[in-house]
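Read through the structure below, which is laid out as structure tokens, and then see the notes.
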Amino acid sequence: MSTPPPHGAPPPYAGPPVPPPLPRRRRPSGWWFALGGGLVVLAIAVGIGLFVWTLKGLLSTEATVPATGDLAAVVLEGDLDRDRMLWFEDGRTQQCVIHDADTGDPVDARPVHGEFSRTDSQGSFHGMLRFDPGSGRLAFECSGGGHVLVSEAPRLGGFVGGIVATILLPLVLGGAGVLVLIVTTVLFATGAPRERAA
């Protein structure tokens, strides 16, 4: 039988007090789901937009010249510091002679380096020659039948940069959106309902 402590003595030590359980963290707002989903949708839209923009630079057409042997005047209104490319129609043997309409001087057209092909409503074409547009006012004499297309010459650096941006930017935006959705879902599942939170 235990002996009671003498009068005025402190009670025996019972250990530290047990703290009450912490209240559950409040659930995040539903707007976080909207933010995560919005980032994923934005990533898709940006990816499509950059892809179209990158291809547009490669597939644009400034002029269509009939390859009938007749003289055709063309005025180029784009960046005149950038070379132009001649696209010859597949299945035809086409040739072009180009003159600067302002000076009458012949324009030197040189073979392109690399393989460039495209297909549009006018048919299938291969990029064959590139040239300096000079004043932008040109006279073409093309033969071989069909049509010859004139466009800005593709810039390898700009094309590669566009492809990299088309991959990386949507990847970053989409990854951020998925991360927000995962974290919000976990916090929502483990949190207390917002209407009960103090």
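Values in this text are rule-based calculations from the coordinates and carry no lab data. Bear in mind the structure is a predicted one, so any value in this text is a computation, not a measurement.
Assorted remarks:
- Size descriptor for region 94-190, Kirkwood hydrodynamic radius: 17.8 Å (Cα pairs only, one decimal).
- Residue-by-residue Karplus 3J(HN,Hα) for region 75-89, coefficients 6.51, -1.76, 1.60, Hz, glycine and proline x: 10, 8, 10, x, 5, 7, 7, 10, 4, 10, 10, 9, 10, 9, 6
- Taking every C-alpha pair closer than 8 Å and separated by at least 6 residues, the mean separation divided by the residue count of region 60-154 gives a relative contact order of 52 percent.
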